[in-house]
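Reading through the structure tokens given below for one structure.
Throughout, read-outs are computed from the coordinates displayed, never taken from laboratory work. Computed from a predicted model, the values in this text were never measured in an experiment. Positions of Cβ are generated from backbone atoms using ideal geometry, with glycine treated the same way; all protein chains shown enter the neighbour counts.
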Amino acid sequence: MRTAAVWIIIFPALVLSVPAGVQAPSGMGAVALKGATIHTAAGPPISGGVILVQDGRIRSVGQSIAIPGGAKVIDLAGKVIIPGMIDPHTHIGAFDADDVNEMPQPLGPENRAVDAIHLGVPDWQEAVAGGVTAVITGPGSGERMGGQSVMLKTFGGDLKRRILKEDGDLKMAVNARNLSHISDIYGNFVKAREYLSQWRQYQGGDRTGSPPKKDLALEALSRALRQEVPVRVHIYLVPDMLSFLEMKREFGFELQFIHSVESYKIAGQLAQNGVDCICLPLGTRYHETPDQLRGIAVLHNAGVRVALHTDHPVIHQKWQRLNAAMAIRYGLPEEAALRAVTINPAQMGGVADRIGSIEAGKDADLVVLDGPWFEPRSKVDMVFVDGVLAFDRTRAASQEGR
Amino acid sequence: MARKDTSALEIPRERRIHLRPVAAAAAVLIALLANAHPTAQTVTAIKDGTVLTMTGEAIRRGVVLVRDGKILDVGRDLQIPPEARVIDAGGKYIMPGLIDAMTYFGVRPSDRNDPAKPITPENRIINAYAPFSDFMGGRGARDRRNEIWSGGITTIYVAPGDKQVIGGQGAVVKTGGRPGQEAVLREPASVDMTLGDAPKKVFAAQKKSPSTRMSVAALIRKALIQAQEYDQAQQRQREKPAEGASGQPPRRDPANEALVRLLRREVPARIEANLPDDIRTAIRLAEEFGFEVVVDGGIGAHEIADELAQRKIPVVLAPVSRTYMTEVEGGHTKELFAMVNERNAALLAGAGVRIALASFGYSTGYTGSAYQGRWLLLEAAMAAGFLLPEEEALRAVTVNAAEILGVADRIGSIAKGKDADLVILGGHPLDPKTWVEQVYIDGVLVFERPRSR
Amino acid sequence: MMRRHVSSSNSFRAGGSHWFLGVFLASMMLPAAGWAQSTLAFRGGTVITVTGSPIEGGVVLVRDGKIIAVGKDVSIPADAAIVETGGKFVMPGLVDAMTHFGIRPFGLNSQEQVTPENRAVEAYYPFGGFFKGKGGVEADNELLYGGVTTVYIAPGSTQLIGGQGAVVKTFGASYHGLILRDPASIDMALPPRPPREGTPPGRMAALALLRKTMIDAQEYDRRVREYNQKSDDDKKDAEKPPRDMANEALQRLLHRELPARVEADFVEDISAAMRLAEEFGFNLIVDSGIAAYQLKEVLAQKKIPVVVGKISHPFAPEYFTYPQELHSVADERNAAWLTRAGVKVAIASYASSFGGKATQGRWLLLEAALATAYGMSEEDALKAVTINAAEILGVDGRVGSLEPGKDADLIILDGPPLGLKTWVERVYIDGTLAYQRGGRN
């Protein structure tokens, strides 16, 4: 019987000594990530900190956290942890496998944006391996108005948990300097305002007579007027931005600029009016100049809330971290750059209660790196989404056996 | 796969350190290390299988010995060397890796044919062979090879498409190996031609020649005559190098060189022909110019079986089930449809014609339209159901195909010295419920059937 | 006055203090900026020679535009102008082994499929503001900004044989002074990308055309040799083969005077290129080679180098021109796997830029840094943008490392070469200050 006793001790020890690369049990017991430098995006970095994860959420984070008995401890001394990165504007999974053109989607509550998303393409795993854990994605950058988006995590078997938000936003595009675009949009907002007031009258009144005609497009715009969804617009040039500022002042909607290439030139006004800017530093591979790269820091310094995006497939989703690195190189402070790819896009997407920073109660979406998080030389070692190990670099490498 | 296995977790009976468990552990370690690189340097013995060698009777409880990627020996009561790695086939069937003698596998649609020129003998399919590429955004390589292997196919003939009169030169390749390093068994393996309706429709649509069967044949003739003249001029030049402007040596021309190889019988012509008249045209051309011919398709070959047998012209048949599909897709004419006879294979074989059964499979995309070679054994079974003797059916996808492709010295049967390309099946190969369990190429396991399927 | 500004429109408007600082710095720099006549000593800091170990507190001694000594205890002659590089990093100027830089977009390729006689250098106009060049000193600011001192310029890749590429420096006293090696290679693409009208349809036809072209070149070569071998008397009776520029270019390929640079990504295309090289006996370099790692042993065994593109592949921003097929094959570890297998690898920008379009060549060091995140050692990553590239281009006798006898092409960085926040402070070419980082870079 002694021999059996020996094995009763040895066997669990063998199991437990298996390296941390093995799947962390999801929702079963607590996991303590111990010893890393933690950038929470909610305060100064914590060196040698502990993150306690349980049931897919962050239970606590700090320098001296008591680790409950029975918790599995993963030693990450020397590593760096940041919140899972978020891309607030991309088209990952939203175009046909062999055709990068957009798929126009009709507006309407019967169309679920998530149905237009291809979850099976390899881009998602590549995004995870790059440390991106949540995105706002959808088809259609080219249409003037409409197009739906969905906010979801880049990993997870349970679709319900994975989808953060389905209705997204009201998206518009101003891709070229075209006056008729702006006046069209303005005209639609005017109609929407009328529509809204008609419905308010009808509902506030005695409801006699026939109700105003339902118009799905105007419904969508009305939500923007009621500040239920932000207006996001693809925009490059200052004159267009000024037009939208005027509209914002008149109609009172929340406004976010995407690409916002020249926005730094009117940084002060944007800050005053509470306009968010979503920028693409790596877009300089195309045609943008160093001024535009420096512009991101200018915006931040003026008090504009800044986020970064890839617009995949323009820049592959996995390079979100390189986006941040370029912004840092051109003057954006490191912690501001981190917020630009974590808590800021979470706030812009209206899901900051769930993701975007390492704080107790939020989802355990975490990225573990083997060096400074923004250095191109650093490697992503592990990525957790909802507390599940979604990517493990050592395991991925050994599986390919090259 | 059974390995020599002594349990390292054997619980020692006493607390004293015994030599035996330690020795056992050491033996296991060494064995594991030795097994860690199963390159075929050690001898592998696959025992207790029903071995279908294709050279004689089935060998029950047979043994196949493999070394360095070749078959060392095969028989019933063979001595298994003590250091051999033993695989227990547990009574399963072992047969040679299947050979698919006609495919368009691994070639992008845009690479299959030159749509503008009817005759391009200089084109070599090996330059377009891309079995690991992801056509149309699919997952490519791994999945597609699994399809081939799930059908037990270890060697294929790849051909240019059938939209030209002379599409180019085919190649015989193995289905294993790393990208770009798959074994090319023979290249060029043939000059590929197509008679009948397909090519002339292509050019008629472009309002170009050839748009009739006559002009197709005339074009081929013209090309072959030119090749003959080219060959003669090159010969003369070699014997008596000429000088001066008029005696400029004729320029080398790859197109003519390819046809000269055909004329010299260094490679055969693979001619796709289905109607008896088209087959006769092929025969006529072969006799006129003295080249070796293999008929591909041969839907109507049963009507002229004796003519083919007399001339020892082999036929590579498309799957019986294919003709119906193609008819539905509008590929063949009513005339051809009327010619279809499921007993074609049996009739030809009965008349003494060497036949192979092939998939004629394309592979594109990442969904269902992938390679039909998966079902090659089923097609062989169907042919057997239509009176082709079982042995013939099996030979039609192994040794016959190897002979037709000119690689029978290497593959096609399980015999001493041949490549260890083997398939282990869960039942008789012609039983529709049988699955391919394992595939070996050059003695290396390349495929094992996943349990879930 | 040899001071160069990158954003010249801003420098003098910046205000008093900047102006004064500028003048002050310029005066300080004057001795170091003279045309390669005096002796120059770069003193202090970390000297990265690339072919040896880094030297802390090293000295690089330069005279008449050439490096004459590198080391820790190099004695500096009294008349030497000293450039203090303490606290900095000194390394060889970067070599970008593949660009289409400086060639107008519509001048990158001709209409025919095969034009070996076309020379990239004849379309090369690289300087500063295109269509409004300032003349005088020729300098390629975009590339100098990133520390690139030597580039290979190539015809575009939309032809099967585009022509002859050349190796040029990014700064020089005159246009001709820039040219390091011309022609440097015969440039090809398999398949041509994107295929244009007239391209042979399909790979088979493309390869058949290439083979025919090579065979014709062999024939031409033979005829010329036969004629040349005749005695003078015989020559009178014989007909001299008319000169053919296309075939002459290919002759140099067949004689192994020039290598072939073949842009090929798929395994089948790289294999086809290797097949051609074997059949016709020419030296082969694979360009781009996205799937090259799948053939790494073969490439290593045949000593075929690979010039890979940006590590931050794929498809940033070339998604729209690369076929979706390559997506699942592309792997950032390509360069590392190849290197480990023994293949000589250079990392190049493949920058195609003209006029306002920024060149990605600015960030060649960033790409090298990324390569280290994907398995390459720091040493190998630095070699990939210096000495390996120089060797592949056949100009390693002149550039690619800090060694005595080589050109004094060196760059001074304010931090470790592969650090994100490291900037190129100064660039010297042939011992002359070619570029200096202004206030707003």
Residues whose placed amide H lies under 5 Å from that of B:Ala183, excluding near-sequence neighbours: B:Lys174, B:Gly176
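Averaged over peptide B:110-122, how many Cβ atoms belonging to another chain are found within 10 Å of each residue's Cβ? It would help to have the intermediate numbers written out before the result.
Values: counts 5, 8, 4, 4, 6, 3, 3, 3, 0, 0, 5, 1, 7.
Going residue by residue through B:110-122 and averaging, the value is 4.
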Inter-part distance where region C:52-84 and region A:122-141 are each reduced to a Cα centre, Å: 50
Long-range amide H partners of A:Asp381 with built H, under 5 Å: A:Val368, A:Leu369, A:Asp370
Of every Cα-Cα pair in region A:302-383, the percent that sits beyond 22 Å: 25
Separation of alpha-carbon centers, region A:177-252 and region A:335-381, rounded to whole Å: 34
Protection-proxy order for peptides C:336-347, A:57-68, each taking the mean of Cβ atoms within 10 Å per residue, highest first: C:336-347, A:57-68
Viscosity 0.692 mPa s, 37 °C: Kirkwood-radius Stokes-Einstein D of region B:185-303 over Cα pairs, µm²/s: 209
Exercise: per-residue mean of other protein chain Cβ atoms within 10 Å, A:325-333: 2
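Taking a quarter of the surface of the convex hull around the Cα atoms of region A:216-274, what do you get in nm²? Before the final figure, lay out each step's value.
Details: hull surface 15.5 nm².
Averaging across all directions leaves 3.9 nm² for the Cα convex hull.
Listed highest first by mean packing, meaning other Cβ atoms within 10 Å per residue, what order do B:383-395, C:391-403 come in? Before the final figure, lay out the partial values.
On the way: B:383-395: 20.0, C:391-403: 22.0.
My ranking of the peptides, most packed first, is C:391-403, B:383-395.
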Three-way shape label, region C:367-431, alpha-carbon gyration tensor, a/c 1.5: oblate
Rounded to whole Hz, the Karplus (6.51, -1.76, 1.60) HN-Hα couplings of region A:66-80, x for glycine and proline: 6, 8, x, x, x, 6, 7, 9, 10, 7, 10, 4, x, 8, 10
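Other chains' Cβ within 10 Å of A:376-383 residues: what's the mean? Before the final figure, lay out each step's value.
Values: counts 16, 14, 4, 4, 1, 0, 0, 0.
Taking all residues of A:376-383 together, the mean is 5.
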Alpha-carbon centroid distance for the pair region C:235-266 / region C:374-407, whole angstrom: 29
For peptides A:262-270, A:383-391, sequence by mean Cβ density within 10 Å, most packed first: A:383-391, A:262-270
